[in-house]
1. Can you tell me which residue among THR360, THR329 is among the hydroxyl-bearing types (Ser, Thr, Tyr), over 29 Å from GLY261 (Cα atoms) and buried (at least 17 other Cβ atoms within 10 Å of the Cβ)?
2. Just checking, does the stretch 215-225 include any residue being surrounded by 11 or more Cβ atoms within 10 Å (Cβ to Cβ) and more than 16 Å from the chain's Cα centre (by Cα)?
3. Residue by residue through the stretch 294-326, note down the ones that are touching a Lys or Arg at 6+ places or on another chain (Cβ under 8 Å) and crowded, with 20+ Cβ neighbours inside 10 Å.
4. What pairs can you find where one residue is in the stretch 205-225 and farther than 14 Å from VAL97 by Cα, the other is part of a helix (DSSP H, G or I), and their Cβ atoms are less than 6 Å apart, with a gap of 6+ or different chains?
5. Taking the stretch 302-328, which residues are modelled with pLDDT of 80 or more and of a type in the set (Ser, Thr, Tyr)?
6. Go through (1) within 25 Å of the chain's Cα centre (by Cα); (2) touching a residue at least 24 places away in the same chain (Cβ under 8 Å); (3) surrounded by 18 or more Cβ atoms within 10 Å (Cβ to Cβ) for PHE336 and report which single condition fails.
7. Would you pick out the residues in the stretch 264-289 that are over 30 Å from VAL113 (Cα atoms) and in contact (Cβ under 8 Å) with a residue 24 or more places away in the chain?
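The values are calculated or read from the model by the stated rules, or taken from the named source; none is laboratory data. In this text, all values refer to a predicted model and were calculated from it rather than measured experimentally. All Cβ positions, even for glycine, are placed from backbone atoms using ideal geometry, and neighbour counts span all protein chains on display.
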Amino acid sequence: MGTPQVVDSAAGREPTHHLADRGHHHLVGRPHSDDEGAIVEAEQRAAALRSEEHRFGRRGERFNRRSPFVLGLTASAGVAVTYGAVLVLQSMSSVLVLIGVAMFFALGLETAVSWLVNHRVPRWAAVTMVVTVVFIVIVGTLAATIPPLVQEARQFVEQLPHYLQLAQDRSSVIGRINERLHLQQRITELINGSGRFTVNGIVRTGSEVFGVMSHVGIVAMLTVYFLADMRRIRAGFYRLMPNSRRPRAILIGDEVVAKFGAYLLGNALTSVIAGLATFVWCAVFHVPYAVLLGVVVAVLDLFPYGSTVGGFVVAAVALSVSIPVSIATVVFYMGFRLGEDYLLTPRIVGRAVRVPAGVTVVAVLLGAAWLGVVGALVAIPLAAAVQLLIQEILYPALDEA
């Protein structure tokens, strides 16, 4: 290709090779030369498209979507992309779960950060305050519970021969229960099956503990990053919506985030109350391992109907005191369950997360079957979000159909 013609500069226009040079990025493929063939003409047109308002030029005309070539290409590309996306998602499922858990916690803490911002606290300071408070609460809880947990675990190990002796005594309550349910045999099989201390077992256990700790660290780090960048994440998500539907998407999306925050904070508070109530009950009636049982019930109460399961565990331990105390423990947790459902949850969580009981059970079962413990944890807020989307999007579309 020869040297491009030079346009008369007196006419107020630049030489064409200068225009091409303006269309060629100064950090890519330098130096610019005229041997780039047909690209020179495209660079000239690119330089003419630049403006202060449109740095990369205006969008070109749309393709003819009804063209047979475009339809066939779109259909085949859609199938290939969908199949590839499924394979990629399957290979990254464990990482995606960690990202999803971190986003869940970030959405839950976002309501607290925004509340502080609404009270004239800079966002960076609000994020720092919320993260610091959560860290102090977690570390303080561990520092307060680990010493008595270790002590009570040691006491349990020391009392284990006594409990085994009672299990063999058919005249005792524990002995009669063991005779019917064969508890001693099952515990012995469990110990024999998992209690072999081999080098491989120790290495495997250590690697599993390290894996869990690394996952916790990754989730914590991602939660802080997501929380600090939540404004840009929110804006980027809404930019993906068509402009005509963006206002309604903002209203519905922000309401979903508010539901996540209300559920997370309310669920954590009710779990703390359940753990404290368990500790007080066990201390008053001299049920052993009060701190340990309080922690167990608090952790179980993070999941739907977990306090009921924890109540049966406490009642089983209360059998070592007496049968009346065990029965009273069952009655206590039945009352606590009612109080949590009809008094604590409505007052703490409010109307933000209101899912029917049947939907709650189904959501928890499906979430646990899909993602295990993580699925059971996020099942209720996800069910609340899906319920809102159905009410605001699906039902009106069906009514207008």
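1. Values: THR360 fails: over 29 Å from GLY261 (Cα atoms).
Just a single option satisfies the conditions, and that option is THR329.
2. Here is the first cut: in the stretch 215-225, the residues surrounded by 11 or more Cβ atoms within 10 Å (Cβ to Cβ) are 215-216, 218-225.
Of the ones still in play, those that are also more than 16 Å from the chain's Cα centre (by Cα) are none.
Among the residues of the stretch 215-225, not one is surrounded by 11 or more Cβ atoms within 10 Å (Cβ to Cβ) and more than 16 Å from the chain's Cα centre (by Cα), which makes the answer no.
3. Passing the criteria: SER307, GLY311.
4. As it stands, the answer is VAL224/VAL131, since those pairs meet every condition given.
5. SER307, THR308, SER322, SER326
6. (1) is the only condition that PHE336 fails.
7. In the first step, residues of the stretch 264-289 are kept if they are over 30 Å from VAL113 (Cα atoms); the result is 278-289.
Matches in the stretch 264-289: THR278, TRP281, CYS282, PHE285, HIS286, VAL287, PRO288, TYR289.
Conditions (1) touching a helix residue (DSSP H, G or I) at 6+ places or on another chain (Cβ under 9 Å); (2) at pLDDT 75 or above; (3) more than 30 Å from LEU371 (Cα to Cα); (4) part of a helix (DSSP H, G or I), marked per residue:
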residue: GLU52; (1), (2), (3), (4): no, no, yes, no
residue: ARG55; (1), (2), (3), (4): no, no, yes, no
residue: GLY60; (1), (2), (3), (4): no, no, yes, no
residue: ARG65; (1), (2), (3), (4): yes, no, yes, no
residue: LEU71; (1), (2), (3), (4): no, no, yes, yes
residue: ALA77; (1), (2), (3), (4): no, yes, yes, yes
residue: THR82; (1), (2), (3), (4): no, yes, no, yes
residue: VAL88; (1), (2), (3), (4): no, yes, no, yes
